[in-house]
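The values are calculated or read from the model by the stated rules, or taken from the named source; none is laboratory data. Keep in mind that this is a model prediction, so the values were computed, not measured. Every residue, glycine as well, gets a Cβ built from its backbone with ideal geometry; the counts of neighbours run over all protein chains shown.
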């Protein structure tokens with residue numbers, strides 16, 4: 001039996017939609033002002049195009065979010081006795097698109113600066129390096145080294161993917177399950193195996209304790225407390241009091 005499902009509505013949903021719309025409108029106005037007043041300046045034109053694209057992507061996110069009635073819930077995996085819980089794709093896809101745009105923008109501005117030469121060469125190189133950083137981060141996302149929050153329970157393992165990287169352990173290593181606010185915490189009797197994202201692109205790991213697996217459930221259709229009870233029953237954890 002799955003844990004209770006929380007509908008996606010109320011302040012959590014519409015507050016996010018309002019913020020998305022506000023950012024999209026602000027970005028659109030900034031892009032319009034820049035392109036109208038200084039559109040003939042190549043550097044301003046590049047910034048204006050990126051800002052307009054980012055505003056459009058954010059508006060699309062707002063529309064998709066407004067139409068979403070339920071965030072992702074636990075699903076059966078392909079293997080026997082396996083379950084998968086993934087965070088909502090919308091925020092992650094939006095962030096990846098912005099990263100891609102920043103990478104292209106950085107390379108574009110670098111090319112303009114290097115082409116102009118003179119005092120713009122050094123800033124152009126710095127901006128180009130920043131753009132390359134974002135492009136590599138997109139590559140790491142495509143390659144699976146960075147991922148939206150995902151929890152997998154297989155017949156013999158617990159696997160957690162996140163922007164930090166991958167953490168996994170045998171199912172029998174779980175000795176306790178708790179909920180801390182919107183986070184699910186699995187306590188282990190040994191350090192978990194880890195495959196982190198390369199350090200320059202690695203986001204700080206929640207908890208930062210080797211014998212814990214911490215999953216952010218805020219963009220899923222389950223409350224962390226209900227998911228903790230389900231995991232406790234499913235994994236047979238021995239000390240899983242739910243806070």
**Asked** With respect to the numbered conditions (1) modelled with pLDDT under 95; (2) not assigned by TED's automatic domain parsing to the domain that holds residue 140, which one is the sole condition not fulfilled by residue 115?
**Response** (2)
**Request:** Would you check if there is a residue in the range 72-79 being crowded, with 16+ Cβ neighbours inside 10 Å, over 25 Å from residue 217 (Cβ atoms) and either touching a helix residue (DSSP H, G or I) at 6+ places or on another chain (Cβ under 8 Å) or modelled with pLDDT under 95 (or both)?
**Result:** no
**Message:** Kindly evaluate residue 179 against the criterion of being outside the structural domain of residue 43 (by TED's automatic domain parsing), crowded, with 19+ Cβ neighbours inside 10 Å and either under 20 Å from residue 219 (Cβ atoms) or within 17 Å of the chain's Cα centre (by Cα) (or both).
**Reply:** yes
**Prompt:** Condition test on residue 54, is it modelled with pLDDT of 95 or more and within 30 Å of residue 128 (Cβ to Cβ)?
**Reply:** yes
**Prompt:** What number of residues within the range 108-122 satisfy the criterion of being part of a helix (DSSP H, G or I) and either in contact with a strand residue (DSSP E or B) (Cβ under 6 Å, 6 or more places away or on another chain) or surrounded by fewer than 18 Cβ atoms within 10 Å (Cβ to Cβ) (or both)?
**Reply:** 10
**Asked** List pairs: first in the range 60-71 and on the phi > 0 side of the Ramachandran plot, second surrounded by 16 or more Cβ atoms within 10 Å (Cβ to Cβ), Cβ under 8 Å, 6+ apart or cross-chain?
**Response** none
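Residues are listed down the side, and each one gets a yes or a no for (1) surrounded by 16 or more Cβ atoms within 10 Å (Cβ to Cβ); (2) part of a loop (DSSP other than H, G, I, E, B); (3) out of contact with any helix residue (DSSP H, G or I) (no Cβ under 7 Å at 6 or more places or on another chain); (4) in the same structural domain as residue 171 (by TED's automatic domain parsing):
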position	(1), (2), (3), (4)
3	yes, yes, no, no
6	yes, yes, yes, no
24	yes, no, no, no
29	no, no, yes, no
51	yes, no, no, no
59	yes, no, no, no
**Fill in**
Just one listed residue, out of 109, 120, is at pLDDT 95 or above and in the same structural domain as residue 135 (by TED's automatic domain parsing), and it is 109
